[in-house]
Every structure is written in C-alpha cells, then in structure tokens.
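Structure first, then comments.
Just so it is clear, none of the values below were taken in a lab; they were calculated from the coordinates. As the structure is a computational prediction, the values presented were derived from the model and not from experiment. No Cβ is skipped: glycine too gets one built from the backbone with ideal geometry, and neighbour counts run over all protein chains shown.
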Amino acid sequence: MKKPVIGVLPLWDEEKDSIWMLPGYMEGIEAAGGIPVILSLSADEDALLYWAENLDGFLFTGGQDVDPVLYGEEKLPVCGELSPERDRIEIFLFKKILELNKPVFGICRGLQLINVALGGTLYQDIPSQMANSFVHEGTSAEDIAYHTVAIWEKSPLSDFAGKVCKVNSYHHQGIRDLAPELKIAGASEDGLVEAVYMPGRNVFAVQWHPELNFSTDGTSLAMFRYFIETSKTK
Ligand code: MN
C-alpha cells in the first residue's frame, strides 16, 4: 500500500517574516508511516484546491492565536499575536478538505482553528476568562506542566488512550463554545475541552502536543498512527 502524503500547515515567524517548521510534526508523521510535505502560506486558490484534491491527509499545526473577529469578538489585550494569513489559508483549506471528506489532524492552534471554522468560539485567554481553570501554559511545550485528560467513551481516542491520559500543556487559549458539528473526545479536570472529533468524518484534534513526545509517549505515537491509518487510500 502506498504511503499517505500529508500536507503540513507551516508555522509563521512574525519577526523573521518567514514560515518555519518544528521537526516533531514531520517526524511524528514519518514515524507513523506517512510522507509529510510542508505547504505554503502564500498559496492562491488554485494551489489550495490542488492540495485538497491531491494530498491524502492534513496536519493543522500549532501557532498564533486565531483572530477573534472570526468568532465575532474584538481582540482583547489578553489575546496574543495573530497570523491572519494562516487564518485565511487554513479556514479555506479546511472547508475544502471537509467537502472532499479527507482526514484532518489538528494540534493546539489546529484544534482551535477547526472549532472556529465550524462556528465555535474560543477563550481569548484561559487564565483571565475561564473560572477555576488550572495553569495550561508550561514554560516550554515539553514542560512537565502535565495534567490529565479524561477520555470520552466511543471517541476515537478511547480506542488507544484508555480512560485517562497524561498530556503536556502549552496554551493560553482553548475552546469556549464547541462548534455544533464537533464532539468532545477528552477534557481536563477543570472542564476544558482538550480533544474533539467530528462524527462520521476523519477530523480529530487535540489541545496538547503529541509532536513533542511521540518518541517516548505511546499515546502520542498512537494518535499519529491513527491519523496516518485513516489517510491511507485503497
Ligand atoms: Mn491543557
């Protein structure tokens, strides 16, 4: 069987005015048997349509905050840096991918973007907007600011993550109102939605960072494997 080719949404460095990539996203796909390719942020509609039609799966990566305008709010001072070009490309591409019913794996910002693209809203800043939340922002993404996530029964995660899994946490935003078409796959003890999926579609996303520990964490590797399996075409 052919290895699935996965389009990876690039990260954006505002200071350097440049796209960039964390190796973990690419290596996680490779470890799970896929072929990753980094996409472009300057793509026109023809390129976006070409990718949607010709690639086998899509990884929506971490990064800047999604522009609150996209979920009907003004940007508050607590909201972080934005990347409007990523918002534009990713929402267009996500909608095309949905039309074609191809697999999507969202990580961190990826989960937030998917929720917004489907009509959900976000906390612009968890510490100042979500009552009784605990600290979700480690000092680095590899940080031991670990917390647990309870896994919902019958969600894709329940096949390989058991009932509870331990995750890293490096985010100050999160899902406030879940988009109508999404279902919860897992939540942390303070009630924050940490994993979602779209029933009947191969759309799955987590708020934590499996790309940073898939080489030592079985659940993280299993998530990449699940994504690559669903991206295989007959
Ligand atoms: Mn968290």
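Take the alpha carbon gyration tensor of the stretch 103-234, find the square roots of its eigenvalues, order them as a ≥ b ≥ c, and report rounded if a/c is under 1.5; if not, report prolate when a/b exceeds b/c, else oblate. It comes out oblate by the Cα gyration axes. If a/c stays under 1.5 just call it rounded; otherwise compare a/b with b/c (prolate if a/b is bigger, oblate if not). Do that for the chain, with a ≥ b ≥ c from the square roots of the Cα gyration tensor eigenvalues. Rounded. Towards the positive end of the charge dipole of the chain, with charges on Cβ (+1 Lys, Arg; -1 Asp, Glu), say which of Ala131, Trp12, Ala179 has the farthest Cα. Checking the options against the dipole of the chain, the answer is Ala179. Any of Lys3/Lys96; Lys16/Lys166; Lys95/Lys232 with alpha carbons more than 29 Å apart? Name them for me. Exceeds cut-off: Lys16/Lys166. Among the trypsin sites (Lys or Arg not before Pro) within the stretch 138-233, those in coil by DSSP and having at most 13 neighbouring Cβ atoms inside 10 Å are Lys154, Lys163.
Averaged over residues, the count of other Cβ atoms within 10 Å places the peptides 16-29, 85-98 in the sequence 85-98, 16-29, highest first. Quick one: net charge of Phe134's neighbours, Cβ under 13 Å, K/R +1, D/E -1? That sum, taken over residues with Cβ under 13 Å, equals -4. Judged by the mean number of other Cβ atoms found within 10 Å, the most tightly packed of the peptides 103-110, 155-162 leads the ranking 103-110, 155-162. In the chain, helices alone account for a calculated mean residue ellipticity at 222 nm of -8000 deg cm²/dmol, with every DSSP H run of four or more residues adding -39,500 (n - 2.57). Just want to confirm a number: the relative contact order over the chain, from Cα pairs under 8 angstrom separated by 6+ residues, in percent. Averaging sequence separation for qualifying contacts and normalising by length gives 22 percent for the chain. Remark: Leu182, Leu9 ranked as Leu182, Leu9, counting other beta-carbon atoms within 10 Å and listing the fewest first. Electrostatic tally near Ile29: other residues with Cβ closer than 14 Å to its Cβ, Lys and Arg +1, Asp and Glu -1, net -2. Rounded to the nearest 20 debye, the dipole size of the chain about its Cα centre is 1060 debye, using +1 on the Cβ of Lys and Arg and -1 on the Cβ of Asp and Glu.
Rounded, prolate or oblate: pick one for the stretch 39-153, where a ≥ b ≥ c are the square roots of the eigenvalues of its C-alpha gyration tensor, a/c under 1.5 means rounded, and failing that, prolate if a/b is larger than b/c, else oblate. Note, shape of the stretch 39-153 comes out prolate. Taking the convex hull of the alpha carbon positions in the stretch 26-98 and averaging its projected area over all directions gives 5.9 nm².
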